[in-house]
1. Criterion first (part of a loop (DSSP other than H, G, I, E, B), modelled with pLDDT of 95 or more and either among the charged types (D, E, K, R) or more than 26 Å from B:GLY711 (Cα to Cα) (or both)) does B:GLY96 satisfy it?
2. Residues B:ALA761, B:ALA749, B:ALA714, B:ALA721: which one is touching a strand residue (DSSP E or B) at 6+ places or on another chain (Cβ under 7 Å), farther than 30 Å from B:HIS632 by Cα and assigned by TED's automatic domain parsing to the domain that holds B:LEU653?
3. Among the residues of segment B:113-126, is there at least one that is touching an Asp or Glu at 6+ places or on another chain (Cβ under 8 Å), within 15 Å of B:SER329 (Cβ to Cβ), touching a residue at least 60 places away in the same chain (Cβ under 8 Å) and part of a loop (DSSP other than H, G, I, E, B)?
4. Does any residue of segment A:260-270 turn out to be open to solvent by 60 Å² or more (accessible area, probe 1.4 Å), more than 20 Å from A:SER95 (Cβ to Cβ) and in contact with a Leu (Cβ under 7 Å, 6 or more places away or on another chain)?
5. So which residues in segment B:715-740 are within 14 Å of another protein chain (Cβ to nearest Cβ), open to solvent by 30 Å² or more (accessible area, probe 1.4 Å) and either within 30 Å of B:LEU142 (Cα to Cα) or not in a loop (DSSP other than H, G, I, E, B) (or both), if there are any at all?
6. With the structure loaded, tell me whether B:MET42 is farther than 28 Å from B:ASN705 by Cβ, at pLDDT 95 or above, out of contact with any helix residue (DSSP H, G or I) (no Cβ under 8 Å at 6 or more places or on another chain) and open to solvent by less than 70 Å² (accessible area, probe 1.4 Å) or whether it fails that test.
7. I'd like to know if segment A:122-137 contains one or more residues that are open to solvent by 10 Å² or more (accessible area, probe 1.4 Å), in the same structural domain as A:HIS78 (by TED's automatic domain parsing), near the ligand (Cβ under 10 Å from one of its atoms) and not acidic (Asp, Glu).
8. What single numbered condition from (1) in contact with a helix residue (DSSP H, G or I) (Cβ under 7 Å, 6 or more places away or on another chain); (2) without any contact (Cβ under 8 Å) to a residue 60 or more places away in the chain fails to hold for B:TYR413?
Amino acid sequence: MKARAFNYVRASTVVEALKAFEDAQDDASYIAGGQSLVPTLALRLQAPELLIDIAHIPALRGIELQGDWLRIGALTRHFEVLSDPLIRLHAPLYSEAAPHVAHPAIRNKGTLGGSISHADPASEFPAMTLALGAELEIAGRDGIRRVPADDFFVDLFQTAIEPGELLVAIHVPVVRSGHRWAFHELARRRGDFALVGCGILAEFSGDVVEHVCIAFFSVGSTPLRARQAEEALIGKKLDQVAIAAAQAIVGDDLNPPEDEHTPPAMKRHLARVLLGRLLGEIARQDV
Amino acid sequence: MGVLTPLDRPNSYIGRSVPRPNAKRLLAGRGRYVTDITLPRMLHVAYVRSPYAHARIVSIDAQAARKMPGVRLIATGEDLAKLCTPWVGTMDHFKGMKSPPQLPLPIDKVVWSGQAVVAVVADTRALAEDAAEAVYIEFDELPAVVDIDAARDPSAPVISPELGSNLCFHGKIDTGGVEDIFANAAHVVEEEFHFGRHTAVTMEPRAIIADYDVSEAKLTVHHATQTPYQFQDIYARHYGIPESSVRVIAPDIGGSFGMKLHMYHEDMAVVGLSMMLGRPVKYVADRIESFVSDIHARDHRVRARMAADTDGNILAMDVEDVTGIGAFSAYPRTSVVEGNQVYRLMGAPYTFRNYRADLQVVFQNKVQMSQYRAVGHPVACTVTERLVDMIAEKTAHDVFDIRSRNMIADDAYPCTSPTGYQFEALSHHACLAKVKAMMNYDGLRAEQAELRTKGIHRGIGIATFVEITNPGPAFYGVGGARISSQDGAIVKITPAGDVHCSISVTELGQGTETIIGQIVAEHLGVDRDRIKVMTGDTDTTPYGGATYACRGAGIGGETALQAAKKLKANVLAVAAAILQDEPDRLDVQSGWIVEAGTGQQRIELSEIARIAYFRSDTLPPGTQAQLSVAHHYAPQGYPFAFTNGIQACHLELDVETGLVKILKLWVVEDCGRVINPLLVDEQIRGGVVQGLGAAFFEECVYGDNGQLTNGSLADYLVPMAVEMPDIEIGHVETLTLDTQLGAKGVGEAGTAAASAAALNAINDAMKPFGGTIAQVPMTPARLLKALGHI
Ligand SMILES: Cc1cc2nc3c(=O)[nH]c(=O)nc-3n(C[C@H](O)[C@H](O)[C@H](O)COP(=O)(O)OP(=O)(O)OC[C@H]3O[C@@H](n4cnc5c(N)ncnc54)[C@H](O)[C@@H]3O)c2cc1C
């Protein structure tokens, strides 16, 4: 199929982009890497009057350490996430997830900000945004605001970004010593959206879990934190008993939709298996 | 000093891995596919499709659409029915077979979701799609017949009421004695198998340009097809155009796998649209359209049992296959061929004689199901080979031992299968022994046992198969279908001593042109790089069957061989006249006329050509040089040249997640003469990948309302490189004596048994857990169920 005809403008500043959207009276769409948007245009699932290309706005680019936070520009491409040393050092769950996001051609175009704004519940980066406890910098008519990841993912493909607003950057609190993390996903083919995936960031005090963030994807209408499983681990040593307790309860944390290919019972089962494997891996990181 | 082999003879190309001369051109982006062709004044069509699986068409309103920019024509089923006569996909040799008449576009009702209803022709495809959105069709939805049991329920709606029921064909085979054997057998195993629908997913989709020239009343069709002559015949007959005024050109083709030899409604409509407009009209199926209009394959439920004596000697099989083919049988080859091959190929490698089978082919409101690579073979192979493994388990035999105990001995030929297929010569035992050595079977078993203690679960599965190749007229011709089983070639020498061969078999990316060139080079006596092979044009090649059912090498190759020999005799006659020698004392080698005994060069072929074409005055009086020959060849001995082989699959099953890592696959195959080892091996590898796709990934899933729920490449999983194992291939060469070439087909062997070997391997891996599976694709969900996790 061919996309319906549309107009196109290239914005060179955030202000210009916001203005263009306003002028189009909301019948517009921002385009960054186009890797989620263009397929929906080609299938005529969306047909905005105007595409506003934000891929050339300098303010949305760059990866920079700002005190205890790493600022990652929204336009950072997936392949940069995969290879950037600052991200590897300070926000390692993004680096670990990146090889599982699509394929090289798509990673060359797709942007971290696009993935997070699009908020596909099966996507890796939105869930890792939760796991890392990041904050999202959003520009709108009334200026800039920062939204914690826990408040950002609202519903299926729905985020705290209001129509016309732009995600400018992702701010990640840098990992410290005492942090351990693990990522894995179960997919039928490499590069596919996962059946179930999970990233965990845990903070230890000695061998006791002080704080932990377990973020699942592909198990509900948004990326999800497994709050009860997290609770079950806090203050515990990460031994077989603690892991089993977290596994026993994690099914209740998830809300997989009815789907004949991967029924909810299967998703819950896979989430239990995955959680056990990841916690086991984190336990073994003990040095 | 090395030992001399037949490959050391001059211009010996048969048996050599000659790379495809056209591969470079395609890689360089110089291929010319139908999508690359732009004709002057060409228009584009988009179709408005049915959202319902079964519905009456109440009304069509195209008023608004007609006024949209760039729109040249909007045509309905009624408009096209004025030009095109209906077609019926039946053949006489399937007794009692029924199928409703079909038209390019439907008139009063739609029978599957995605069926094209209205054609919108515009200056560009995008404009045509814009206008298609403005066509309003009112439907009256009817209950959809989806499930194969529901279709046969007497209370079910009948999709084509004029046929009386949803049963397309009912066949039975019974050698007698089956009931008694099962009643008294020491061991009986039985299973219910499910084979999902999948589809071809060619890299190049279906594409066609019809160009009707009103001034000469001539039709030219540029068509991404494997069978140009078949379509010339169809377009001529159904549009009432003299055959000589219809030209079908198949340029470069990007994969076909049987999918591009069926009559599709959109394609037939394009011809009518061009006739109505007097302008070229192009249609290219996009991926979404391919999923809802290309033929699907398989879709079988088989209940089968096998009886054996106490020692594990197989005594009999009893099979019941029900297969759903969509709302009609495909044209012109019919959708019964698949089921027919399923129930005739069961048990083919084995010696037992008692067999009973029942085949029911039913209509349903889905996309048409018809011939796709390895027609019927994977189903028959999986059922047979799984039952054989079950007998092995019951009688405590190893999977290799049970097969060598039961397979037809390599010296027992000629003989027949329990269903009457005639085998000239097969090599099951040689293949079995070879694969066992290649895979280090005993080593793998030892490793399996050791890894099991560490919680790693590997499985080993093998599957023996036969493959139908080189079909004679018994396949289609006797059923009344105008599908040729013979081929023709014209070979000529140019004044420079180069060679042109135009031949009726076609090139789809599988390398037909390469091997035809090799055969001509060897049997004419010239270098391969001086031969140009031309295919795929009804105006410039002789009439022939083209490419289907593994016949290009065996039948097309023999045609080329005989043509080349004929031309060589002509060359030698002229050469003898010029050299004042005897033709039988001369030979042609590497483009030279040589002394047959010594190889001593006498005169170059180009010199013969120069004299013949420009200085015929210097030839002895009465000498007329014939440096072009036309030759046809039709298979006459066995109805089919059966091939055989065995595949072995080694994989690792994650018993907690149901995910599978395929570790390795081995194939030992006997296709007779191997003309080009490189191409033969790649045919097998590609086929194996499609078989593994069927085993683990590919399935067209329908909802209860007859909607295809995964019709895009985001949801329909094709096998990809990362998931595919190394595929190691070995050969046994048992020539067919029906031809001088001795080659049989190889295109479907890989697909025939890969899914069976995989299914056996998975069941082997699951053995410690007691679960089994008899359904493909083996998805994680199905495996987790079999393992008792969900
Ligand atoms: C074949 C294929 C496989 C894929 N596999 C995966 C996978 O395994 N995992 C995965 O996570 N993803 C996958 N993707 C999606 C891919 O990661 C996308 O690139 C990503 O989801 C979107 O980023 P983008 O820059 O391309 O956004 P675009 O497609 O340009 O935009 C997506 C949406 O976000 C909005 N948007 C973009 N940037 C901003 C911004 N800065 N502020 C506000 N709104 C914005 C757009 O308006 C649009 O609505 C796959 C895509 C393809 C085509």
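The values are calculated or read from the model by the stated rules, or taken from the named source; none is laboratory data. Since we're looking at a predicted model, the values are computed, not measured. Neighbour counts run over all protein chains shown; Cβ positions are idealised from the backbone, glycine included. SASA here: full protein model, heavy atoms, side chains in, ligands and nucleic acids out. Shrake-Rupley method; radii C 1.70, N 1.55, O 1.52, S 1.80 Å.
1. Here the answer is yes, as B:GLY96 does meet what is asked.
2. B:ALA761
3. Checked against the condition, which is being touching an Asp or Glu at 6+ places or on another chain (Cβ under 8 Å), within 15 Å of B:SER329 (Cβ to Cβ), touching a residue at least 60 places away in the same chain (Cβ under 8 Å) and part of a loop (DSSP other than H, G, I, E, B), segment B:113-126 yields no hits at all.
4. Yes; the residues of segment A:260-270 include at least one that is open to solvent by 60 Å² or more (accessible area, probe 1.4 Å), more than 20 Å from A:SER95 (Cβ to Cβ) and in contact with a Leu (Cβ under 7 Å, 6 or more places away or on another chain).
5. The answer is B:ASP715, B:ALA721, B:VAL722, B:GLU723.
6. Here the answer is yes, as B:MET42 does meet what is asked.
7. yes
8. With respect to (1) in contact with a helix residue (DSSP H, G or I) (Cβ under 7 Å, 6 or more places away or on another chain); (2) without any contact (Cβ under 8 Å) to a residue 60 or more places away in the chain, B:TYR413 is out only on (1).
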